[in-house]
1. For the stretch 114-147, which residues satisfy the criterion of being of a type in the set (Gly, Ala, Ser) and surrounded by 13 or more Cβ atoms within 10 Å (Cβ to Cβ)?
2. Against the definition (touching a Gly at 6+ places or on another chain (Cβ under 7 Å) and at pLDDT 95 or above), how does residue 88 come out, yes or no?
3. Where the second residue is assigned to a helix (DSSP H, G or I) and among the basic types (Lys, Arg) and the first is modelled with pLDDT of 95 or more and lies in the stretch 125-138, which pairs have Cβ atoms under 6 Å and are six or more apart or on separate chains?
4. Going by the structure shown, is residue 193 of a type in the set (Phe, Trp, Tyr), at pLDDT below 90 and open to solvent by 10 Å² or more (accessible area, probe 1.4 Å)?
5. If residue 87 satisfies every condition in (1) of a type outside the set (Ser, Thr, Tyr); (2) in a strand (DSSP E or B); (3) surrounded by fewer than 13 Cβ atoms within 10 Å (Cβ to Cβ) but one, which is the exception?
6. What is the number of the single condition among (1) more than 22 Å from residue 65 (Cα to Cα); (2) in contact with a Lys or Arg (Cβ under 7 Å, 6 or more places away or on another chain); (3) modelled with pLDDT of 95 or more that residue 220 does not meet?
7. Across the stretch 148-179, what is the number of residues that are open to solvent by less than 50 Å² (accessible area, probe 1.4 Å) and in a helix (DSSP H, G or I)?
8. (1) under 20 Å from residue 103 (Cβ atoms); (2) modelled with pLDDT under 85: which one isn't true of residue 31, the others all being true?
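The values are calculated or read from the model by the stated rules, or taken from the named source; none is laboratory data. Since this is a predicted model, take the numbers as computed values, not measurements. With ideal geometry, Cβ positions are generated from the backbone for all residues, glycine too; neighbour counts draw on all protein chains shown. These accessible areas exclude ligands, DNA and RNA; they are computed on the full protein's heavy atoms, side chains included. Shrake-Rupley method; radii C 1.70, N 1.55, O 1.52, S 1.80 Å.
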Amino acid sequence: MKFKPNYFNTQEAKIHKIVRSNGKEYTIREDKLRFFFPDEWMAFYDQLKPKQKITFEFLINTGARINEVRGIKVADIDFNRNSIIIRNTKARNKDGTRKIRVISISNKFKKYLKHLVKKLNLKLEDKFPILSTPAANIAMKKALEKAKIKDKENFTVHSVRKTLEVWLLSLGIDSMKVAKHMGHTIEVAQKYYVSPDTFNWEDKRMMRQIIGGLYGEVQTM
């Protein structure tokens, strides 16, 4: 699909208009980071190098911040309960320890993680080979350019976090569950709300192809 961005002013905010190849127009507030449509993600992902893909697999499947992803150890993954412990890099408890949240992962991502642990011969206390934030942003810009994604300057690594949140909301996942997963309030989650018709049936099928059955599967937690 080809995307033709356009900008125009309203009384409240500048709006980013996207005209998709099917002729439908969608609008996004320009003061929010751009998210990926699923076909854009696939085109972008195909341009990443194998080692770079590891970082972006973690980002799109967890929705965690890259600094949080960088702290994940093999021991933080509960393969029986399909969950991962995420440590907040800023917020701390009264005793000085980092605040944590436990998020669900799909069976698809769990299988990927098992394969990665075996392939890299990782031990329980080992962390995964996640790119630094600058390196991830550079890899993203190059892949976006190769994939010929429009307005590539509006993407950052944080756009991947927003993408998962937008996708989960569009798939009908309860906003409270999404907010808990992302580690912020329902009000913040609702800021990323998009109209249900922003994505068509094929978009949603592709979303599930990418993130598997996250919150669409029977969870054991």
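1. Start the filter on the stretch 114-147 by keeping residues that are of a type in the set (Gly, Ala, Ser), which leaves 132, 135-136, 139, 143, 147.
Residues satisfying the conditions are 135, 136, 139, 143, 147.
2. Details: touching a Gly at 6+ places or on another chain (Cβ under 7 Å): yes; at pLDDT 95 or above: no.
No: the conditions fail for residue 88.
3. 130/70
4. On the way: of a type in the set (Phe, Trp, Tyr): yes; at pLDDT below 90: yes; open to solvent by 10 Å² or more (accessible area, probe 1.4 Å): yes.
Yes.
5. Failing condition for residue 87: (3).
6. (3)
7. 16
8. Among (1) under 20 Å from residue 103 (Cβ atoms); (2) modelled with pLDDT under 85, the lone unmet condition for residue 31 is (1).
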